[in-house]
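**Student:** One structure is given below, represented as structure tokens, and several questions about it will come after.
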Amino acid sequence: MKKAMILAVILILCIAGFTAGAYIKAMGPKKEAETEAFKKAQKEGGFVTMDDYYLYHGNDSYSVVVGKTKSGKKKVIWLPDNKKEKPVIEDSKSGKTRGEILSIVKKQLNPQKIISVKLGMENNVPLWEVTYLDESSRYNYNYYDFKTGEWLKYYRSI
């Protein structure tokens, strides 16, 4: 009985160790992309802190960093994966906050569950992408203009 208990504990610890290792390995590329994006934000936009980081994959891919510059201003920088495109930097105050976008979504759509809210860019327009589940537990994507909060487009019932 004692041997079985010891074997069970060892087996559980091994499974937990393998699971933790797999998770850490899976998150490695995202962490590297985040570190690389912050370095670019420092170089391109004079960022000294990073408050938020978003990885956006639409028509084009962007790393988005929200942080403060040396002067203490909160800024947002969209860093395109395409080296031919230039980064876009906006004052954080010139756009809608995550909370304001969430308020719009909850009021207009009554989602069952919000999956994610992240910054991105489509056709040189900075935007918020909101992923949520509707009352039928189907995935939906809504896109809102960063500056005005206006609805831009959506994908329903995926």
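**Student:** Is at least one residue of the range 98-105 closer than 21 Å to K43 by Cα and in contact with a Phe, Trp or Tyr (Cβ under 9 Å, 6 or more places away or on another chain)? Break it down stepwise before answering.
**Tutor:** Residues of the range 98-105 closer than 21 Å to K43 by Cα: none.
Checking the range 98-105: not a single residue is closer than 21 Å to K43 by Cα and in contact with a Phe, Trp or Tyr (Cβ under 9 Å, 6 or more places away or on another chain).
**Student:** Looking only at the range 75-83, decide whether some residue is without any contact (Cβ under 8 Å) to a residue 12 or more places away in the chain, loosely packed, with under 13 Cβ neighbours inside 10 Å and out of contact with any Pro (no Cβ under 6 Å at 6 or more places or on another chain). Even if it seems obvious, please write down each step before you answer.
**Tutor:** Keep residues of the range 75-83 that are without any contact (Cβ under 8 Å) to a residue 12 or more places away in the chain, which gives 83.
Still in the list and also loosely packed, with under 13 Cβ neighbours inside 10 Å: 83.
In the following step, the residues that additionally are out of contact with any Pro (no Cβ under 6 Å at 6 or more places or on another chain) were identified as 83.
Yes, because at least one residue in the range 75-83 is without any contact (Cβ under 8 Å) to a residue 12 or more places away in the chain, loosely packed, with under 13 Cβ neighbours inside 10 Å and out of contact with any Pro (no Cβ under 6 Å at 6 or more places or on another chain).
**Student:** One residue is enough: does the range 119-136 have a residue meeting the conditions in contact with a strand residue (DSSP E or B) (Cβ under 8 Å, 6 or more places away or on another chain), without any contact (Cβ under 8 Å) to a residue 40 or more places away in the chain and charged (D, E, K, R)? Before you say what the answer is, go through the steps one by one.
**Tutor:** Narrowing the range 119-136 to residues in contact with a strand residue (DSSP E or B) (Cβ under 8 Å, 6 or more places away or on another chain): 119-122, 124-134.
Within this subset, residues satisfying the condition of being without any contact (Cβ under 8 Å) to a residue 40 or more places away in the chain are 124-125, 127-128, 130-134.
Subset that is charged (D, E, K, R): 134.
The answer is yes; a qualifying residue exists.
**Student:** State whether one or more residues within the range 106-126 are within 16 Å of the chain's Cα centre (by Cα) and part of a helix (DSSP H, G or I). Before you say what the answer is, go through the steps one by one.
**Tutor:** Pass one, the range 106-126, residues within 16 Å of the chain's Cα centre (by Cα): 114-122, 126.
Remaining after also requiring part of a helix (DSSP H, G or I): none.
No, there is no match, as no residue in the range 106-126 is within 16 Å of the chain's Cα centre (by Cα) and part of a helix (DSSP H, G or I).
**Student:** Would you confirm whether or not the range 129-143 contains a residue that is under 16 Å from L55 (Cα atoms), assigned to a strand (DSSP E or B) and not hydroxyl-bearing (S, T, Y)? Steps first, please.
**Tutor:** Let us first name the residues in the range 129-143 that are under 16 Å from L55 (Cα atoms), namely 129-131, 141, 143.
Right, trim to assigned to a strand (DSSP E or B) and you get 129-131, 141, 143.
Now drop any that are not not hydroxyl-bearing (S, T, Y), which leaves 129-130.
Yes; the residues of the range 129-143 include at least one that is under 16 Å from L55 (Cα atoms), assigned to a strand (DSSP E or B) and not hydroxyl-bearing (S, T, Y).
**Student:** Looking at G72, G99, which is the one that is free of Cβ contacts under 8 Å to residues at least 12 places away in the same chain, more than 18 Å from the chain's Cα centre (by Cα) and exposed (fewer than 14 other Cβ atoms within 10 Å of the Cβ)? Spell out how you get there, then give the answer.
**Tutor:** Working: G99 fails: more than 18 Å from the chain's Cα centre (by Cα).
Just a single option satisfies the conditions, and that option is G72.
Coordinate-derived values only; no laboratory data. Worth saying up front: this structure is predicted, and the values here are computed from it rather than measured. With ideal geometry, Cβ positions are generated from the backbone for all residues, glycine too; neighbour counts draw on all protein chains shown.
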